[in-house]
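What follows is a single structure, written as C-alpha cells, with notes after it.
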Amino acid sequence: MRPALVSVVLLGALSCSDAAGPETRGRVAFTYTGAGGGNFSASGDAAFTTGTSWAAGFVQTGETHVGASNPRSGTLVDLAILRLERTTSGSESIDAACNIDGSVSCTGMDFYLNFNGNGDTGDFFCALTSGTIVLTEVSSSRAKGTFSGNGNCIAGSGGASSAFSVSNGTFDVALVAPPG
C-alpha cells in the first residue's frame, strides 16, 4: 500500500474533472472489521474536497476506479479506493499483490482511516488481499457494483499488521473524466 501517491492522484484526478450537478452524485458503503471496525458510507456530488462527503469513479486503460471520502476533524478523511480490472459487467477476484496506485492492471481495495490526504499520516492503512469486486452495471456515465473480502491493516504508528474484512460493500457512482 502506498497511500501517499494513490490519494494524491485520485483526489487530484477527480478534482480536475468538470463534473457538477446531480448527475455526479454517488455512494459507496460497506461494513468492516479490524481498524476499530464499523460502517463506512460516503455519498455526495463529486466535490472532491476534504470538507464534504463524496463518491465518484472513472474509467481508464481498461480499468474502473472508484473513490469515496468522508470528512473527519480538520482536513482528515476516511478514504476508500477500489480498482477493478474490467470496464464491463462481471466479477473479478481481488489480487493479493494489487498495488492500487501501481502501473500494472489489477483488482483491489484500499481503505485509509483518519488520513491526511498527503500520504504521510493516518490511523490505519488497510487493503483487501482476497475477495471479489463485481461490476453489476456500467454505462458511459455510471458504475454500480458490490464487493467483499479479507485482508490486513497497518497502524499509522507502525507495528504488526492486523486482520481486516469488508462485507456488504456497494457502490453506485458517476463516472467522471479520468486523470489527464
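Ordering 59, 77 from the fewest to the most neighbouring beta carbons within 10 Å gives 59, 77.
Distance between the modelled labels on residue 103 and residue 161, one decimal in nanometres: 2.4 nm (7 Å Cα→Cβ projection). The simple spin-label model puts a point 7 Å past each Cα toward its Cβ; for residue 141 and residue 31 those points are separated by 3.4 nm.
Since every read-out is calculated from the coordinates, none of them should be taken as a lab result. Here the structure is a predicted model, which is why all the values come from computation and not from measurement. So basically every Cβ, Gly included, is an ideal-geometry build from the backbone, and we count neighbours across all protein chains shown.
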